[in-house]
């Protein structure tokens with residue numbers, strides 16, 4: 001089998017940032033779909049996010065993104081990476097990191113500033129409602145906004161060299 005694109009990135013040198021993971025044409029609609037790699041931690045060099053924080057961030061950011069007046073109609077998916085170093089964001093259209101960065105920043109600021117009950121975290125709304133940590137979600141959101149999103153540059157929006 002062919003190696004999938006995301007396994008072709010050298011994770012030993014990948015930094016937190018916003019990267020275009022792939023662009024595809026949806027065969028049903030003919031629309032371009034862009035998948036973003038929202039990398040929150042440096043893989044294999046920094047601690048990963050714990051599952052409860054990831055779960056809370058997923059609920060908070062997805063809720064924000066699906067309600068954003070500018071981007072909600074273009075949203076396809078927001079969810080965690082299995083390695084717990086970031087999230088995937090999938091949107092309709094051919095988008096670049098510089099275009100999506102303000103939207104991602106607003107979503108993580110929403111998570112950073114959120115008070116109250118995490119949306120969709122009741123037993124009737126979520127399949128694992130016990131596994132949610134708002135405090136740690138906010139900590140990771142602060143870190144991502146302050147250390148990554150506030151100072152994005154080409155090194156944090158362009159994937160490093162591919163593996164051979």
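At-a-glance table
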| item | result |
| --- | --- |
| Residue in the stretch 51-60 that is closer than 19 Å to residue 14 by Cβ and crowded, with 16+ Cβ neighbours inside 10 Å present | yes |
| Elements of type strands (runs of 3 or more DSSP E) contained in the stretch 9-97, each with 3 or more residues being closer than 20 Å to residue 136 by Cα and touching a helix residue (DSSP H, G or I) at 6+ places or on another chain (Cβ under 8 Å) | 75-80 |
| Selection count where residues are at pLDDT 95 or above and surrounded by fewer than 12 Cβ atoms within 10 Å (Cβ to Cβ), scope the stretch 128-145 | 1 |
| Pairs with Cβ under 7 Å, 6+ apart, first in the stretch 89-106 and at positive phi, second modelled with pLDDT of 95 or more | 93/32; 93/34; 93/74 |
| Criterion (closer than 15 Å to residue 20 by Cβ, touching a strand residue (DSSP E or B) at 6+ places or on another chain (Cβ under 6 Å) and surrounded by 20 or more Cβ atoms within 10 Å (Cβ to Cβ)) met by exactly one of 36, 78 | 36 |
| Filter result (under 30 Å from residue 24 (Cβ atoms) and touching a helix residue (DSSP H, G or I) at 6+ places or on another chain (Cβ under 6 Å)) within the stretch 110-136 | 110, 111, 119, 120 |
| Those residues of the stretch 111-164 which are free of Cβ contacts under 8 Å to residues at least 40 places away in the same chain and not in a helix (DSSP H, G or I), in sequence order | 115, 116, 117, 122, 123, 124, 125, 127, 129, 130, 153, 164 |
| Hits in the stretch 39-72 - residues which are touching a strand residue (DSSP E or B) at 6+ places or on another chain (Cβ under 6 Å) and farther than 25 Å from residue 153 by Cβ | 54, 58, 62, 66 |
| Qualifying residue in the stretch 1-24 (condition: buried (at least 19 other Cβ atoms within 10 Å of the Cβ) and more than 16 Å from the chain's Cα centre (by Cα)) | yes |
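The values are calculated or read from the model by the stated rules, or taken from the named source; none is laboratory data. Everything quoted here is computed from the prediction, not taken from an experiment. Cβ sites come from the backbone with ideal geometry, for glycine too, and all protein chains shown count toward neighbours.
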